[in-house]
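Chemist: This structure is in C-alpha cells; I'll ask about it shortly.
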Amino acid sequence: MGEWARVLGRLRDELGDTAYRSWFQEMRAERIDDGEGVASLPTRFLRNWVATHYADRVLAAWQAENHDVRRLVIVVGAHTEPAVRRPNGHAAEPMESPPAPNNSEIGEDRAQMSAPLDPRFKFENFVVGKPNELAHAAARRVAEACAGPHGSVPFNPLFLYGGVGLGKTHLMHAIAWHVRELAPHRKVIYLSAEKFMYQFIRALRFKSTMDFKEQFRSVDLLMIDDVQFISGKDTTQEEFFHTFNALVDQNRQIVISADKSPSDLAGLEERMRSRLGWGLVADLHPTTYELRLGILQAKAEQSGVCLPQKVMELLAHRITSNVRELEGALNRITAQMQLVGRDITLESAQELLHDLLRASERQVTIDEIQRKVAEHFNIKMAEMTSARRSRVVARPRQVAMYLAKHLTPRSLPEIGRKFGGRDHTTVMHAVRRIEQLTASDRAMAEDVELLRRTLQS
Ligand code: ADP
Ligand code: MG
C-alpha cells in the first residue's frame with residue numbers, strides 16, 4: 001500500500017467514513033518539496049473546506065507516515081505534470097479528473113432531489129394536543145396557502161423546532177402531501193439538511209452548480225429538515241443562505257426544522273440566525289399524558305387493533321420520552337397479539353415491554369445510592385457526608401456522586417449539598433474521575449455497573 005493511501009486510511013479511521021467520503025476521497029498527494037507536502041483537491045470549494053477544517057489533521061496524518069513532511073499546502077485542481085518522484089521513491093498518484101455525469105445520471109438526480117415522503121406522515125394522522133397545536137396550525141396554514149390558487153406565503157420562513165421524535169418530520173411531510181394532492185403543479189422540495197449538503201457537494205464535483213441552483217430557484221416550497229446539521233459548516237451555510245434569500249425575495253415558501261430555536265442553534269452565523277427567525281417560529285413541546293394517550297388511541301385504531309384502556313394508560317404513563325418510542329411499544333404489542341392470537345393484558349404488556357418500561361422505573365434517590373454504595377464498599381454511611389479524604393472513603397463517595405448524577409435528575413449543586421455540603425465542582429470532578437476510571441479499570445467498571453443494576457432493579 002502506498003504512503004498516500006495510508007495517509008488517507010488514517011484520515012478515514014480518525015474522521016469516520018462519511019466525512020472521509022465527503023471530503024478526502026478525491027484528495028491526492030502532488031509532491032513533497034523541501035518539507036512542504038502539497039496535496040490537491042478537484043474544486044475550490046473542497047480545497048477551502050478541507051484547508052479550513054482539516055488542515056491540521058491532514059498534516060498530522062501525513063507526518064505520521066512521512067517524517068519529511070513539516071508543512072502542508074492544499075491546491076486546487078488536476079495537475080498535468082507526470083507523477084513526481086518523491087524522496088522515498090514512491091510515485092505520487094496522478095490526479096484523475098472527476099467523471100462527467102452522463103445524462104441519465106442527471107435525470108436521476110432531478111428525480112431524487114426531493115426525498116421520498118412517508119405515506120403515514122399526513123395531517124389526518126397527526127394527533128393535535130396542547131404541546132403541538134401551534135406548530136400544527138402553522139403547518140396547516142402554510143400547506144393551505146401554498147396549495148391555494150395564488151400560492152401565497154403566510155410567514156416566511158416557518159421554523160419548526162423541538163426535541164427528537166415530537167413530529168417535526170411528520171408535519172413537513174404532511175405539508176408536502178397536502179400540496180402534492182391539491183396542487184400537483186406546484187414544485188415542492190423536501191430534503192434533510194444532510195442531503196442538501198450532499199447534493200450541493202456533488203453538484204460541485206460534477207461542476208453542475210448552476211443546475212443545482214436552478215432547481216432550487218424554480219421551487220415553490222422548499223423544506224429543509226434538521227438544519228442543526230448545517231450549522232458550523234460555513235461554506236454550505238453560505239450557499240444555503242444565498243438560496244434562502246433568493247427564494248424569500250421571490251416570495252417562495254420555506255419551511256425549516258431543527259432541534260433548537262434559531263437563537264439556540266450553535267455554530268450558526270449571526271445573519272443566518274436572524275434571518276431564520278424572521279417568519280414564524282413554532283416549537284413542539286414534549287408530549288403530555290393526554291397527547292400520548294390520544295396518539296395511542298389513534299394509532300391503535302389505524303392499525304385495527306383493540307387494546308384494553310388499562311394497557312394504553314400504562315404506555316402513556318410510562319413511555320414519556322418521545323412519540324417514536326411510544327409507537328415502538330405499540331408495534332411490539334400489536335405484533336405479539338397477531339402472532340399468538342391472544343388479547344393483551346396489563347400483565348402481559350408489562351412483561352413484553354419490561355426493557356422499555358424499566359428505563360422509566362421509579363426514581364432512585366440519593367440516599368438510596370449512598371446507602372447501597374457504602375454497603376458495597378463496606379464503609380459507614382456517615383462517610384458519604386464526612387470530610388475525610390482518605391482514598392478508602394473518598395473513592396466510594398465519588399462513585400456515589402457519579403451514580404447520583406446519572407440515576408437521578410438532581411443538579412450538581414444539589415448533589416453536592418447531599419454529600420455534606422460539598423461544592424458542585426467537587427461533584428463534577430468526581431463524575432469525571434469515575435468516568436476515567438471505568439474506562440481504564442475493569443474492576444471499577446464492574447463495581448459501578450453492578451451498583452447501577454441493583455439500584456435500578
Ligand atoms: P421528529 O422529526 O420531530 O424527530 P417525527 O416527525 O419523525 O419526529 O415523529 C416520530 C414519530 O412519531 C413518527 O412516526 C410520527 O408519525 C409520530 N408522531 C409524532 N408526533 C405525532 C402526533 N402528534 N400524532 C401522530 N403521530 C406523531
Ligand atoms: Mg425528523
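The values are calculated or read from the model by the stated rules, or taken from the named source; none is laboratory data. Owing to the predicted nature of the structure, the values given are computational and were not obtained by experimental measurement. Please note: Cβ atoms are built from the backbone with ideal geometry, for glycine as well, and neighbour counts cover all protein chains shown. Only protein heavy atoms, including side chains, enter the accessible area calculation; ligands, DNA and RNA are left aside. Shrake-Rupley method; radii C 1.70, N 1.55, O 1.52, S 1.80 Å.
Chemist: Just need a number here: residues in region 110-160 that are open to solvent by 50 Å² or more (accessible area, probe 1.4 Å), within 16 Å of ligand 2 (Cβ to nearest atom) and modelled with pLDDT of 95 or more.
Modeler: Total satisfying the criteria: 0.
Chemist: Now, a different point. Go through region 307-378 and tell me which helices (runs of 4 or more DSSP H), entirely inside it, have 3 or more residues that are surrounded by 13 or more Cβ atoms within 10 Å (Cβ to Cβ).
Modeler: Details: elements: 309-318, 323-340, 346-352, 354-358, 366-377.
Hits in region 307-378: 309-318, 323-340, 346-352, 366-377.
Chemist: Please determine, by comparing only the residues of region 270-281 that are open to solvent by 20 Å² or more (accessible area, probe 1.4 Å) and either aliphatic (A, V, I, L, M) or in contact with a helix residue (DSSP H, G or I) (Cβ under 6 Å, 6 or more places away or on another chain) (or both), which one is nearest to ligand 2 (Cβ to nearest atom).
Modeler: Filtering region 270-281 down to residues open to solvent by 20 Å² or more (accessible area, probe 1.4 Å) leaves 270-271, 273-275, 277-281.
Applying the additional criterion that residues be either aliphatic (A, V, I, L, M) or in contact with a helix residue (DSSP H, G or I) (Cβ under 6 Å, 6 or more places away or on another chain) (or both) yields 273, 277, 280-281.
Numbers: Arg273: 21, Gly277: 20, Leu280: 19, Val281: 17 Å.
Top of the filtered list is Val281.
Chemist: Shifting gears a bit: Give me the pairs, please: first residue somewhere in region 291-304 and touching a residue at least 60 places away in the same chain (Cβ under 8 Å), second residue anywhere and open to solvent by less than 30 Å² (accessible area, probe 1.4 Å) and part of a helix (DSSP H, G or I), beta-carbon distance under 8 Å, and either six or more positions apart or on two chains.
Modeler: Leu291/Pro131; Leu291/Asn132; Ile295/Val323; Ile295/Leu326
Chemist: Another question about this same structure. Would you check which residues across region 1-11 are open to solvent by 90 Å² or more (accessible area, probe 1.4 Å) and in contact (Cβ under 8 Å) with a residue 12 or more places away in the chain and list them?
Modeler: Within region 1-11, the first condition is being open to solvent by 90 Å² or more (accessible area, probe 1.4 Å), and the residues that meet it are 1, 10.
Hit for region 1-11 is Arg10, nothing else.
Chemist: Being open to solvent by 40 Å² or more (accessible area, probe 1.4 Å), of a type outside the set (Val, Ile, Thr) and part of a helix (DSSP H, G or I) is the filter here; which residues of region 379-399 pass it?
Modeler: We begin by selecting, within region 379-399, every residue open to solvent by 40 Å² or more (accessible area, probe 1.4 Å); these are 380-382, 385, 387-392, 395.
From the residues that got through so far, the ones that are of a type outside the set (Val, Ile, Thr) too are 380-382, 387-391, 395.
Selection gives Met381, Ala382, Arg391, Arg395.
Chemist: Does Lys299 fit the bill of being within 23 Å of Ala137 (Cα to Cα), assigned to a loop (DSSP other than H, G, I, E, B) and basic (Lys, Arg)?
Modeler: No: the conditions fail for Lys299.
Chemist: Where residues in region 247-263 are within 16 Å of ligand 1 (Cβ to nearest atom) and of a type in the set (D, E, K, R), which of them is farthest from the chain's Cα centre (by Cα)? Explain how you work it out, then say what you get.
Modeler: So in region 247-263, the residues within 16 Å of ligand 1 (Cβ to nearest atom) come out as 255-261.
Restricting the remaining residues to those that are of a type in the set (D, E, K, R) gives 259-260.
Details: Asp259: 9, Lys260: 12 Å.
Checking each candidate, the answer is Lys260.
Chemist: So is Val164 within 12 Å of ligand 1 (Cβ to nearest atom), β-branched (Val, Ile, Thr), at pLDDT 80 or above and on the phi < 0 side of the Ramachandran plot or not?
Modeler: Numbers: within 12 Å of ligand 1 (Cβ to nearest atom): yes; β-branched (Val, Ile, Thr): yes; at pLDDT 80 or above: yes; on the phi < 0 side of the Ramachandran plot: yes.
Yes.
Chemist: If Val227 satisfies all but one of (1) among the β-branched types (Val, Ile, Thr); (2) surrounded by fewer than 18 Cβ atoms within 10 Å (Cβ to Cβ); (3) under 15 Å from the mean Cα position of the chain (by Cα), what's the number of the condition it fails?
Modeler: Of the numbered conditions (1) among the β-branched types (Val, Ile, Thr); (2) surrounded by fewer than 18 Cβ atoms within 10 Å (Cβ to Cβ); (3) under 15 Å from the mean Cα position of the chain (by Cα), the odd one out for Val227 is (2).
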